Amino acid sequence: MAVVTPPAIVILGPGALATARRVQTLYPGAQVHALEGRVAGDVAFSELGAHLRECYTRGLPIVALCAAGIVIRCLAPLLANKGAEPPVLALAEDGSAVVPLLGGLTGVNVMAREIGAALAVAPAITTSGELRFGTCLLNPPAGYALASLAQGKRFVSDLLAGAATRVDGHAPWLENVDLPREAAARHAIRVSAHVWDGSPDDLVIHPRSIVAAVGAPREALADNVRRALDAHGLAPLALAALVAPAAHMRDASLAQAAAELGVPLRFVDSEENTAQATLAALDLAADVERYTPNDDGVALACAAAPLDPRALGRARGKLAVLGLGPGRADLLTPAARAALDSATDIVGYATYVGMAGPFRADQQRHATDNREELQRARHAFEMASEGRRVAVVSSGDPGVFAMAAAVLEALEGSDDARWHAVELAIVPGVSAALATAAQVGAPLGHDFCMLSLSDNLKPWTVIEKRLLHAAQADLVMAFYNPISRARPWQLERALEIVRSVRAPHTRVVLGRDVGRPGETLRAMTLGELRSADVDMRTMVIVGSSATRGFARGDGGEWIYTPRWYREDA
Ligand code: SAH
């Protein structure tokens, strides 16, 4: 199978760079991941083990230019649960040896051959079936599914033991494979949408060539589809997609049925909500065999070759508004990471789009410099309405002075049914106030408020009023957007208001570029704070009367707000 996702080419020192760049030319979109402080590549990482594990869990193929043993040790903790396994290869720094380690069923040997050919070395392939036939029979190309892995293994060992085989059906990828073929052989590789009858001599491969169409969501839909397939002797693994009328896009039972069946869910615009009308709207080729719908309202169609689900109607679009956290990769939540990985399009302010990368070649970036959040939100809905999976990125948390509210505002203001049919998710992130607080201790340990000092979208008088009330209520305050070139005097005025209520010895924490390169943290008092200490990349936390500090072991200070409260504290 051709490698779809470009690999992470991982290097630990300058000695490996030349070989890494040669491998990179084989895989468009591949990036060289280089150990920080040792060598510069396209992506920097600081700890090999953690980085390899992250790539692996993200399903990225890995070409590691280091000892095979190191790679094995790094990934060992992840290998117990054998799930989908990306190809992993070790490659000698000087390109003199290439060793496929993992991913036998996802094309590691194909990659080993490709890299071996480019570097003029023999790949260290150890899979016996591969060695004999030059391909992995158990790893059919995209669009085909093996009926049974256990049966497949038995079939391959029969062939290795000397049995011959015939090929029934159309298997274009086997045409140039050196199989022991015999027209009358007892063993057969059978390419068919029909279920395997259990014959021990057959290797059955299903082309994903069947469409199941429904007219309306129903109870137990997945069971209905299975029953319809069963009635015609068709294999569930041969199903390419479940298709429904776009009018039912928001129905959760459809998504659940598709997930249960393990196939993509696609939609078409059809006049009436019947299975037959759905099928008709797909405009399938004339030679596709149609089956009349059963009582459960499922219509089937079966093509001779695999069907590309992307060509069948359109998907339900997705829009995830996600928070990247303050910047550090390990403060990005796995849920946000997953939303980024599954996105086809990434929308956001250029700095944050950059922060969210690296991206695959198939992911489109829509980085803008404009601060027109509503416009950006509308663009995101437009793309999602076409069936794309869009990620809108914010720094920190998307719901804290960021894109989530803009996206909801755009949606509320729209009467476009396509926008309302989009699957919308808000994925939280670590907000700047939380990241800053954690660095110094727990200044937000008791009641606090978050305030934006920007008067772009609200009148300054409102800000003054809220500041005064928050100060009087003795809340800890976290100031976002404290100052900017366009708003030079506002912070000083804000501090005046706070000082009119709160004592000069009140604790203040300034966090600048927290969780990013060049992070700085400063602790001071309200009396000492000057607006010149603050810029737009700074988080200002002003303590309450109870916020306190004490020396920490490393010479710094822990600052926290106790959980209790005394009027006279
Ligand atoms: N959604 C973001 C906030 C966006 S408003 C969040 O939840 O963090 C932008 C303001 O957030 C900046 O002016 C600054 O005050 C603060 N900020 C964002 N990232 C920061 C960081 N890494 N360090 C310090 N302050 C930051």
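The values are calculated or read from the model by the stated rules, or taken from the named source; none is laboratory data. What you see is a predicted model, and the numbers here were worked out from it, not measured in a lab. Neighbour counts run over all protein chains shown; Cβ positions are idealised from the backbone, glycine included. In case anyone asks, the SASA skips ligands and DNA or RNA and just uses the protein heavy atoms, side chains included. Shrake-Rupley method; radii C 1.70, N 1.55, O 1.52, S 1.80 Å.
Quick notes on this structure:
- Distances between placed amide hydrogens fall under 5 Å for T368 paired with G348, Y349, A350, all partners being 5 or more residues away or on another chain.
- The stretch 318-430, Cα convex hull volume normalised per residue, Å³: 82 Å³
- Note on the stretch 144-207: Rg/Rh from Cα positions, Kirkwood definition for Rh, rounded to two decimals, is 0.92.
- A dipole drawn for the stretch 433-560 from +1 and -1 charges on Cβ atoms has a positive end, and of M450, S544, Q439 the residue lying farthest that way is M450.
- Computed about its Cα centre, the charge dipole of the stretch 318-430 is approximately 360 debye, with only Lys, Arg, Asp and Glu carrying charge at their Cβ.
- Three-way shape call for the stretch 8-126 based on the alpha-carbon gyration tensor, with the a/c threshold at 1.5: oblate
- Between the listed residues Q472, S342, L408, the Cα displaced farthest toward the positive end of the dipole of the chain, a dipole computed from Cβ unit charges relative to the Cα centre, is found at Q472.
- List D535, D283, ordered by accessible area with a 1.4 Å probe, largest first: D283, D535
- About the centre of its Cα atoms, the chain shows a dipole size close to 1320 debye [charges on the beta carbon of Lys, Arg (+1) and Asp, Glu (-1) only; nearest 20 debye].
- Backbone amide hydrogens, once placed in the peptide plane, bring S148 within less than 5 Å of V204, excluding anything fewer than 5 places away on its chain.
- Debye, to nearest 20: dipole size of the stretch 210-311, +1 on Lys, Arg Cβ, -1 on Asp, Glu Cβ: 220 debye
- From the alpha carbon centroid of the stretch 337-402 to that of the stretch 171-236 is 40 Å.
- Put a dot 7 Å past the Cα of D415, heading toward its Cβ, do the same for H232, and the two dots end up 4.2 nm apart.
- Relative contact order %, the stretch 144-207, counting alpha carbon pairs below 8 Å whose residues are six or more apart: 41 percent
- Close amide H partners of V167, meaning residues 5 or more places away or on another chain with modelled amide H under 5 Å apart, are I189.
- For the chain, taking Cα atoms only, Rg and Dmax work out to 29.5, 97 Å respectively.
- Under DSSP loop assignment and at most 15 Cβ neighbours within 10 Å, longest GluC sites (Glu not before Pro)-free interval of the chain: 387-527
- Shown in residue order for the stretch 528-535 are the 3J(HN,Hα) couplings computed by the Karplus curve 6.51 cos²θ - 1.76 cosθ + 1.60 at θ = phi - 60°: 7, 5, 10, 5, 5, 7, 10, 9 Hz (x for Gly and Pro).
- Cα gyration tensor shape of the stretch 433-560, rounded if a/c is under 1.5, else prolate or oblate by comparing a/b with b/c: oblate
- Counted over the chain, the DSSP beta bridges are approximately 40% antiparallel.
- Computed helical MRE - 222 nm, the chain, DSSP H runs ≥ 4 contributing -39500 (n - 2.57), nearest 500: -8000 deg cm²/dmol
- When Rg and the Kirkwood radius Rh are both evaluated on Cα atoms of the stretch 156-311, their ratio Rg/Rh stands at 1.06.
- For the stretch 262-273, backbone phi angles converted through the Karplus equation (6.51, -1.76, 1.60; θ = phi - 60°) give residue-by-residue couplings of x, 10, x, 9, 10, 10, 10, 8, 9, 5, 10, 8 Hz, Gly and Pro being listed as x.
- For the stretch 64-137, applying the loop criterion from DSSP together with a ceiling of 12 other beta carbons within 10 Å to the trypsin sites (Lys or Arg not before Pro) yields K82.
- Taking the stretch 8-126 and dividing mean pair separation by its residue count, relative contact order in percent (alpha carbons under 8 Å, at least six apart): 21 percent
- Mean sequence separation of contacting Cα pairs (under 8 Å, at least six apart), scaled by the length of the chain, corresponds to a relative contact order of 8 percent.
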